[in-house]
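Take a look at the structure set out below.
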Amino acid sequence: MPFEYAPAPESRAIVDLESSYGLFIDGAFVDARGGTMFKTVNPATEEVLAEVSEAGADDVDRAVAAARIAYESVWGPMSGRDRAKYLFRIARLIQERSRELAVLESMDNGKPIRESRDVDLPLVAAHFFYHAGWADKLEHAGYGPHPRPLGVAAQVIPWNFPLLMLAWKVAPALACGNTVVLKPAETTPLTALAFADICRQADLPPGVVNILTGAGETGRLLVEHPGVDKVAFTGSTEVGKAIMRSAAGTGKRLTLELGGKAANVVFDDAPIDQAVEGIVNGIFFNQGHVCCAGSRLLLQESIADEVITSLKRRLGTLRLGDPLDKNTDIGAINSSSQLARIDELVKSGEDEGAERWSAPCAIPDRGWWFPPTVFTGVTQAHRIAREEIFGPVLSVLTFRTPDEAVEKANNTPYGLSAGIWTEKGSRILWMAQRLRAGVVWANTFNRFDPASPFGGYKESGFGREGGIQGLGGYLDVEGNR
Amino acid sequence: MSDHSPATPASERLEVRKTYKLFVGGAFPRSESGRTYEVTTAGGVFLANAAMASRKDARDAVLAARKGFGAWSAATAYNRGQVLYRIAEVMEGRRAQFTADVREAEGIDESAAEAQVDAAIDRWVWYAGWADKLAQALGSANPVAGPYFNFSVPEPTGVVAAVAPQDSSLLGLVSVVAPIIVSGNAAIVIASTKRPVPAISLTEVLATSDVPSGVVNVLTGDAAEMMPWLASHGDVNAVDLTGITDPELATSLERDAAGTVKRVLRPTATADWSGDPGLSRLRAFVETKTVWHPMGV
């Protein structure tokens with residue numbers, strides 16, 4: 001008799017949604033000048049959660065002007081000690097409201113509450129705590145005796161970790177003395193708007209944080225605005241390149257955190273059960289909507305069959321469904337357009353001759369879903385081995401020698417992350433040295449911490465977020481990205 | 001004894017003139033284009049015909065640099081520091097030649113030229129010392145909230161295409177090249193177009209200073225012709241636009257660099273090459289790699 005879980009849904013009652021939201025400019029919610037609204041929906045149910053304002057050129061002007069005034073009159077001149085105290089206040093408010101924010105994040109994004117509650121929100125608060133402490137210690141960070149902020153930062157973030165990406169952007173910017181105009185992703189604006197409310201609760205001076213909702217065009221207007229000194233973007237490599245082109249000749253400082261196609265390399269001496277958990281966490285965490293996801297599994301040939309068998313058995317136990325159910329492992333795909341992209345790439349995998357296996361799980365009637373999927377017989381030429389799928393789809397390749405593993409792992413224009421599984425310490429360090437990636441997880445995967453710098457090599461972008469290295473992106477020191 | 005030509009009186013030796021070539025992959029090729037251009041002193045007196053490197057030469061230099069990068073980036077920091085110091089030692093033995101080159105190229109007097117050469121040699125020494133300290137200055141052990149050992153180290157970004165300053169023919173050149181290679185990158189550097197001779201003399205030092213072939217490749221000619229190819233080349237990881245004097249060209253190169261998300265150093269202020277170089281150039285061409293490992297029994 002199959003073992004069944006009873007539903008264990010987290011209550012939505014803790015979230016108090018408005019029917020519509022304005023833009024957060026200069027410390028107040030205001031209507032967009034153009035008056036255009038768009039809807040944000042729950043990807044698990046396709047239910048409309050709220051209407052959100054689409055910021056146009058006038059609104060971007062207003063927000064950048066407010067940020068400039070706040071930079072020059074309040075936040076720039078403020079002592080590091082006081083900036084720190086505001087950030088500590090924000091960190092505490094996030095902790096106090098973390099259940100509400102986790103539920104809201106799962107509703108707007110589709111990620112399991114287990115992840116938003118246990119991963120996203122604790123990291124969001126930790127990020128503000130970490131950077132709060134830096135605000136009055138910047139002269140000890142190795143950027144010279146008098147590090148200066150850059151000014152107004154334009155920040156554009158993706159939909160996969162909406163509030164966490166906000167924290168990665170806003171916390172270091174404010175700690176270093178910059179003011180910000182942030183645009184959350186079109187499909188996940190709600191936790192950023194809740195954060196605006198937290199700024200208000202914290203009595204953060206008006207204009208220090210401004211939140212503009214909108215789609216790609218709003219983002220373009222923001223990053224191309226002549227009044228911004230810094231652009232920080234997390235998203236696709238394609239858009240990152242466009243931003244880099246548009247910023248050419250402007251002197252704007254850039255941090256780009258772009259796509260990835262990480263190799264997760266498993267050697268024949270790896271602890272297989274732990275490695276399988278790591279593989280699952282590497283690619284099926286957050287439905288694979290992770291730029292550093294371990295989407296290319298490189299198995300040493302002698303253990304390939306054993307690992308694939310274990311992996312399929314483990315994937316058969318994953319529970320796909322209601323993101324607010326505490327037992328759910330795999331939530332909803334964030335949008336119909338993302339689902340279409342996953343479908344398209346999966347079809348290319350089938351057409352190009354790789355062998356598809358999908359976990360036999362029931363798919364809910366409403367919402368956007370994709371079952372955990374594994375492709376075997378993948379070659380390096382296949383699109384599913386080269387292109388970022390950004391979904392719960394794993395491509396499995398094999399290798400014989402460590403040199404071949406390095407060669408295959410590095411055979412990508414990306415270089416964001418990589419994984420190594422082996423019990424041999426010297427091999428870990430040997431591999432870690434050779435993998436051209438910004439983050440290398442050995443015998444673990446998808447770990448994050450505000451003290452740990454994150455960012456890519458090659459076309460995965462440049463600049464780091466987190467750690468002492470991440471401060472450089474928000475300080476006026478040439479050569480720091 | 002009877003066939004003295006009037007141009008060479010018995011008391012004067014006929015000088016052996018040097019052919020000024022490129023420096024690619026540790027060898028001294030001519031430009032594959034066969035082109036040369038006239039180089040004069042600052043005062044306009046003919047000095048030499050220098051090779052006018054082409055797009056093909058630039059591509060060859062990328063291949064050489066990529067080859068050089070492998071061994072150089074894998075060398076120990078201690079070894080790289082020794083090699084850079086060796087460059088300073090070999091230059092020191094050729095102070096007179098460099099002083100003459102700089103005096104002619106920049107049109108400055110003997111003592112000013114000597115000061116430039118001394119500063120250039122001292123700059124190699126300064127950067128040589130950075131090789132085995134950079135990871136401690138820019139790296140970190142990170143106190144993450146969990147049972148993990150976590151550390152960050154700077155690593156070279158790869159192949160860097162640089163345009164040396166147009167004015168400071170030796171000190172500026174060294175100040176651009178040294179911070180690129182000390183961390184393990186391989187450089188393709190386009191020398192000052194009008195003042196390439198000190199750069200060419202430097203290649204002879206590099207060839208005899210234990211610098212592995214391909215680590216520094218020096219092209220002479222027109223940066224405006226070659227850089228668009230280098231800035232859009234898929235196997236170049238970073239560009240240093242220091243010597244690009246035309247702002248529109250620099251902006252266009254920045255746009256080209258976006259095609260493969262290259263790292264771009266476009267200095268905002270006019271450089272004072274005699275000042276403290278600081279860490280900014282070193283930082284511009286390193287990546288931070290962070291490694292995690294669980295702790296447990």
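The values are calculated or read from the model by the stated rules, or taken from the named source; none is laboratory data. Small disclaimer: the values here were computed from a predicted structure and weren't measured. Glycine gets a Cβ as well: all are built from the backbone with ideal geometry, and neighbour counts include every protein chain shown. SASA here: full protein model, heavy atoms, side chains in, ligands and nucleic acids out. Shrake-Rupley method; radii C 1.70, N 1.55, O 1.52, S 1.80 Å.
Only residues that are open to solvent by less than 10 Å² (accessible area, probe 1.4 Å) and among the β-branched types (Val, Ile, Thr): list them for the stretch B:110-168, please.
Answer for the stretch B:110-168, where residues must be open to solvent by less than 10 Å² (accessible area, probe 1.4 Å) and among the β-branched types (Val, Ile, Thr): B:117, B:121, B:157, B:159, B:160, B:163.
Answer with yes or no whether residue A:31 is open to solvent by 70 Å² or more (accessible area, probe 1.4 Å), at pLDDT 95 or above, more than 24 Å from the chain's Cα centre (by Cα) and assigned by TED's automatic domain parsing to the domain that holds residue A:188. It would help to see each step written out before you state the result.
Numbers: open to solvent by 70 Å² or more (accessible area, probe 1.4 Å): yes; at pLDDT 95 or above: yes; more than 24 Å from the chain's Cα centre (by Cα): yes; assigned by TED's automatic domain parsing to the domain that holds residue A:188: yes.
Yes; evaluated as a whole, the condition is true for this residue.
Quickly run through the stretch A:365-384 and pick out the residues that are under 22 Å from residue A:258 (Cβ atoms) and surrounded by 24 or more Cβ atoms within 10 Å (Cβ to Cβ). Reasoning before the result, please.
Taking the stretch A:365-384 and keeping what is under 22 Å from residue A:258 (Cβ atoms), we get A:380, A:382-384.
Of everything in the stretch A:365-384, just one residue is under 22 Å from residue A:258 (Cβ atoms) and surrounded by 24 or more Cβ atoms within 10 Å (Cβ to Cβ), namely A:384.
Condition first: within 30 Å of residue A:432 (Cβ to Cβ), out of contact with any helix residue (DSSP H, G or I) (no Cβ under 7 Å at 6 or more places or on another chain) and aliphatic (A, V, I, L, M). Now tell me which residues in the stretch A:240-274 satisfy that.
A:262, A:270
Among the numbered conditions (1) modelled with pLDDT under 95; (2) surrounded by 17 or more Cβ atoms within 10 Å (Cβ to Cβ), tell me where residue A:362 comes up short.
Evaluating residue A:362 over (1) modelled with pLDDT under 95; (2) surrounded by 17 or more Cβ atoms within 10 Å (Cβ to Cβ) leaves (2) as the failure.
Taking the stretch B:247-262 only, how many residues are more than 20 Å from the chain's Cα centre (by Cα) and on the phi < 0 side of the Ramachandran plot? Working first, answer last.
Looking only at the stretch B:247-262, we keep the residues that are more than 20 Å from the chain's Cα centre (by Cα), and these are B:247-249, B:251-252, B:255-256, B:258-261.
Next, only the ones that are on the phi < 0 side of the Ramachandran plot stay: B:247-249, B:251-252, B:255-256, B:258-260.
Selection size over the stretch B:247-262: 10.
Among the residues in the stretch A:212-221, are any over 30 Å from residue A:14 (Cα atoms), touching an Asp or Glu at 6+ places or on another chain (Cβ under 7 Å) and in contact (Cβ under 8 Å) with a residue 12 or more places away in the chain? Before the answer, list the steps.
Here is the first cut: in the stretch A:212-221, the residues over 30 Å from residue A:14 (Cα atoms) are A:216-221.
Narrowing further to those that are touching an Asp or Glu at 6+ places or on another chain (Cβ under 7 Å): A:218.
Keeping just the survivors that are in contact (Cβ under 8 Å) with a residue 12 or more places away in the chain gives A:218.
Yes.
Name, by its number, the condition in (1) crowded, with 20+ Cβ neighbours inside 10 Å; (2) within 20 Å of residue B:260 (Cα to Cα); (3) touching a strand residue (DSSP E or B) at 6+ places or on another chain (Cβ under 8 Å) that does not hold for residue A:408.
All conditions are met except number (1).
For the subset of the stretch A:455-481 comprising residues that are at the interface with chain B (Cβ under 9 Å from one of its Cβ atoms) and among the acidic types (Asp, Glu), which member is farthest from residue B:260 (Cα to Cα)?
A:478
Among (1) within 22 Å of residue B:208 (Cβ to Cβ); (2) at pLDDT below 95, there is one condition residue B:47 misses while meeting the rest; what is its number?
If we test residue B:47 against (1) within 22 Å of residue B:208 (Cβ to Cβ); (2) at pLDDT below 95, just (1) comes out false.
Could you list, ordered by first residue, the pairs with Cβ atoms under 9 Å in which the first is in the stretch A:126-151 and farther than 17 Å from residue A:470 by Cβ and away from every other protein chain (no Cβ under 13 Å) and the second is crowded, with 16+ Cβ neighbours inside 10 Å and of a type in the set (S, T, N, Q), at least 6 apart or interchain?
A:151/A:178; A:151/A:179
I'd like the full set of residues that are open to solvent by less than 10 Å² (accessible area, probe 1.4 Å) and among the aliphatic types (A, V, I, L, M), limited to the stretch A:277-302.
Hits for the stretch A:277-302 are A:279, A:283, A:290, A:293, A:297, A:298, A:299.
Within the stretch B:40-76, which residues are among the hydrophobic types (A, V, I, L, M, F, W, C) and assigned to a strand (DSSP E or B)?
Result: B:46, B:47, B:48, B:50, B:51.
Give me the residue from the stretch A:236-269 that is open to solvent by 10 Å² or more (accessible area, probe 1.4 Å) and farther than 30 Å from residue A:152 by Cα and, out of that set, farthest from the other protein chains (Cβ to nearest Cβ).
Across the stretch A:236-269, the extreme among qualifying residues is A:268.
Given the structure, is residue A:422 modelled with pLDDT of 95 or more, open to solvent by 30 Å² or more (accessible area, probe 1.4 Å) and closer than 15 Å to residue A:297 by Cα? First the steps, then the outcome.
Working: modelled with pLDDT of 95 or more: yes; open to solvent by 30 Å² or more (accessible area, probe 1.4 Å): no; closer than 15 Å to residue A:297 by Cα: yes.
So residue A:422 does not fit the description; no.
Go through (1) open to solvent by 50 Å² or more (accessible area, probe 1.4 Å); (2) at the interface with chain A (Cβ under 7 Å from one of its Cβ atoms) one by one and return the number of the condition residue B:287 breaks.
Looking at each condition in turn, residue B:287 falls short on (1).
Can you tell me which condition residue A:121 does not meet? The list is (1) surrounded by fewer than 19 Cβ atoms within 10 Å (Cβ to Cβ); (2) in a helix (DSSP H, G or I), and all the others hold.
(1)
Only residues that are touching a Ser or Thr at 6+ places or on another chain (Cβ under 9 Å), facing chain B (nearest Cβ under 7 Å) and not hydrophobic (A, V, I, L, M, F, W, C): list them for the stretch A:423-454, please.
A:438, A:443, A:452, A:453
Can you tell me which residue among B:206, B:265, B:279, B:202 is modelled with pLDDT of 95 or more, facing chain A (nearest Cβ under 8 Å) and within 18 Å of the chain's Cα centre (by Cα)?
Numbers: B:206 fails: facing chain A (nearest Cβ under 8 Å); B:279 fails: modelled with pLDDT of 95 or more; B:202 fails: facing chain A (nearest Cβ under 8 Å).
Answer to the selection: B:265.
For the stretch A:439-481, enumerate the residues that are open to solvent by less than 20 Å² (accessible area, probe 1.4 Å), part of a helix (DSSP H, G or I) and touching a residue at least 24 places away in the same chain (Cβ under 8 Å).
A:460, A:470, A:471, A:472, A:473, A:474
Between residues in the stretch A:236-254 that are among the charged types (D, E, K, R) and residues that are open to solvent by 10 Å² or more (accessible area, probe 1.4 Å), which pairs lie under 7 Å by C-beta distance while being six or more apart or on different chains?
Cβ pairs passing all conditions: A:241/B:259; A:245/B:255; A:252/A:229; A:253/A:150; A:253/A:229.
Given the criterion at the interface with chain A (Cβ under 8 Å from one of its Cβ atoms) and among the small types (Gly, Ala, Ser), identify the matching residue among B:250, B:271, B:231, B:238.
Working: B:271 fails: at the interface with chain A (Cβ under 8 Å from one of its Cβ atoms); B:231 fails: at the interface with chain A (Cβ under 8 Å from one of its Cβ atoms); B:238 fails: at the interface with chain A (Cβ under 8 Å from one of its Cβ atoms).
After applying the criteria, what remains is B:250.
Residues to consider are A:137, A:169; find the one that is of a type in the set (Lys, Arg) and open to solvent by less than 10 Å² (accessible area, probe 1.4 Å). I'd like the intermediate steps shown before the answer.
Values: A:137 fails: open to solvent by less than 10 Å² (accessible area, probe 1.4 Å).
Among A:137, A:169, only A:169 is of a type in the set (Lys, Arg) and open to solvent by less than 10 Å² (accessible area, probe 1.4 Å).
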